[in-house]
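Asker: Have a look at the structure that comes next, please.
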Amino acid sequence: MDGEELTEQETALYDRQIRVWGADAQRRLSKAHILVYGMKGTVAEFCKNIVLAGVGSLTLVDDRVATEESLAANFLIPPDENVYGGKTLAELCCDSLKDFNPMVRVLVEKGDLLSFGVDFYSKFDVVVVCCSSLATKKLINDKCRKLSKRVAFYTVDCKDSCGEIFVDLQLHRYSKKKLEETIECELNYSSFEEAISVPWRTLPRRASKVYFAMRVLESFEEAEGRKPGEISADDLPCVLKLKKELCESQSLNESHIPDGLLERLVTNGREFPPVCAIIGGILGQEVIKAISGKGDPLKNFFFFDAMDGKGVIEDVSSSNTGS
């Protein structure tokens, strides 16, 4: 596969991109296969970016039907309900994405992501999971890691004005330019389960508050048997109680997870479209880096909070903790 050259049509269409990251990176991108689960607004932005960039194929999985809430942040869903015709979110988004770049194969896979065997994931180079339970993230990441080929794994979530990206590239080798020289680099990543198992007290004192808040919400949903995002203002007292318990068990000062932040995420957990655009754009850049093997990829969490306008990278792994 690596030896295949770009066609004349691809070279013409992606001329501007080739000038930026080179023909080799574009060739790798055009042969890559990406799987996406959970057609939320953030993922819609990512899919648009990766389709325009010229990925080989994009497979969408989301059997849910469109609702008024899904319309709010997902621009791929047509506003005219008459075109729905019983179509799933994945099917509606697939129809829209095909118009962005006819050279990219956009497909839909029906079924529960958890029911797919390990071999199913071997067809892909990148797996992106959105709006999923703690158990789902762990299991899909584990299935990707069991393959003989390396499959890059990402989770992405956006609640209110906050967004989070997690990256697992396993053992990733890449090159980057330093002055006139090209340097070969290597990074070793933790799995999602390994990363969130790192004791909170060992993390840097300035670690992102969004990281801790997201873990509290995941733990609450898991303990209560809720679906991802199935949380409301009525749950706030119980969420704050759980926060207190987790901080005590993890020997973390409660000030690291402000009540105001949790209140924002609980009472208005819907996606905020401008944040979707930022998180989806960064995720697209990171996937292109991973596929092309060029440029420093983020390791291993990225957080954004529109309230302070800051994007923060945190390396949460057992080999990189400190005070």
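Quick note: the coordinates plus some simple rules give every number you see, no bench work behind them. Please read all numbers here as calculations on a predicted model, not as lab measurements. Cβ coordinates were reconstructed from backbone atoms using ideal geometry, including for glycine residues, and neighbour counts include every protein chain displayed.
Asker: Are there GluC sites (Glu not before Pro) in the stretch 212-318 that DSSP puts in a loop and that have at most 13 other Cβ atoms within 10 Å, and which ones?
Answerer: Qualifying residues, ordered by number: GLU230.
Asker: Ok, one more. Distance from a point 7 Å along Cα→Cβ of SER251 to each backbone N in the stretch 204-225: keep the residues under 20 Å and list them by number.
Answerer: Taking a point 7 Å out along Cα→Cβ of SER251, the residues of the stretch 204-225 whose backbone N falls under 20 Å are 204-208, 212.
Asker: If I build a Gaussian network model for the chain, linking alpha-carbon pairs within less than 10 angstrom, which residue out of CYS247, CYS94, CYS158 has the largest mean-square fluctuation?
Answerer: Among CYS247, CYS94, CYS158, the largest GNM mean-square fluctuation belongs to CYS247.
Asker: What residue among SER175, SER190, SER255 has the largest mean-square fluctuation in a Gaussian network model of the chain, using Cα springs under 10 Å?
Answerer: Among SER175, SER190, SER255, the largest GNM mean-square fluctuation belongs to SER255.
Asker: Who wins for biggest fluctuation among VAL151, VAL198, VAL128 in a Gaussian network model of the chain, springs between alpha carbons below 10 Å?
Answerer: Result for the chain, Cα springs under 10 Å: VAL198 fluctuates most.
Asker: As an exercise, use a Förster radius of 30 Å and the Cβ-Cβ distance of ALA306 and LYS110 to find the FRET efficiency, rounded to the nearest 0.05.
Answerer: The calculated FRET efficiency here is 0.30.
Asker: Take the stretch 195-267, compute every pairwise Cα distance, and split them into 10 Å bins from 0; I just need the percent in each bin.
Answerer: 19, 58, 22, 1
Asker: ASP142 to ALA72: FRET efficiency via 1/(1 + (r/R0)^6), r the Cβ-Cβ distance, R0 51 Å, to the nearest 0.05?
Answerer: After rounding to 0.05, the efficiency reads 0.95.
Asker: A further question follows. How big is the Rg/Rh ratio for the chain, C-alpha atoms only, Rh by Kirkwood, two decimals?
Answerer: Ratio value, two decimals: 0.96.
Asker: If packing is taken as the average count of other Cβ atoms within 10 Å, what order do 109-121, 288-300 fall into, highest mean first?
Answerer: Answer by packing, highest mean first, reads 288-300, 109-121.
Asker: Could I ask something else about it? Summing +1 for each Lys or Arg and -1 for each Asp or Glu, what net charge is found among the other residues whose Cβ lies under 15 Å from the Cβ of CYS144?
Answerer: +2
Asker: Follow-up. Grab the Cα-Cα distance for ASN268 and LYS241, subtract it from 0.36 nm times how many residues apart they are, and report the gain in nm with one decimal.
Answerer: Between ASN268 and LYS241, full extension yields 7.8 nm more.
Asker: Oh, and also: When the chain is fully extended, how far beyond the present Cα-Cα distance does LYS149 get from LYS177, taking 0.36 nm per residue of separation?
Answerer: The LYS149-LYS177 span can extend by a further 7.4 nm.
Asker: Under the Karplus relation 6.51 cos²θ - 1.76 cosθ + 1.60, θ = phi - 60°, what is the ordered set of whole-Hz ³J(HN,Hα) values for the stretch 97-110, x standing for Gly and Pro?
Answerer: With the stated coefficients, the stretch 97-110 comes to 5, 4, 6, 6, 7, x, 7, 9, 7, 10, 10, 10, 10, 8 Hz.
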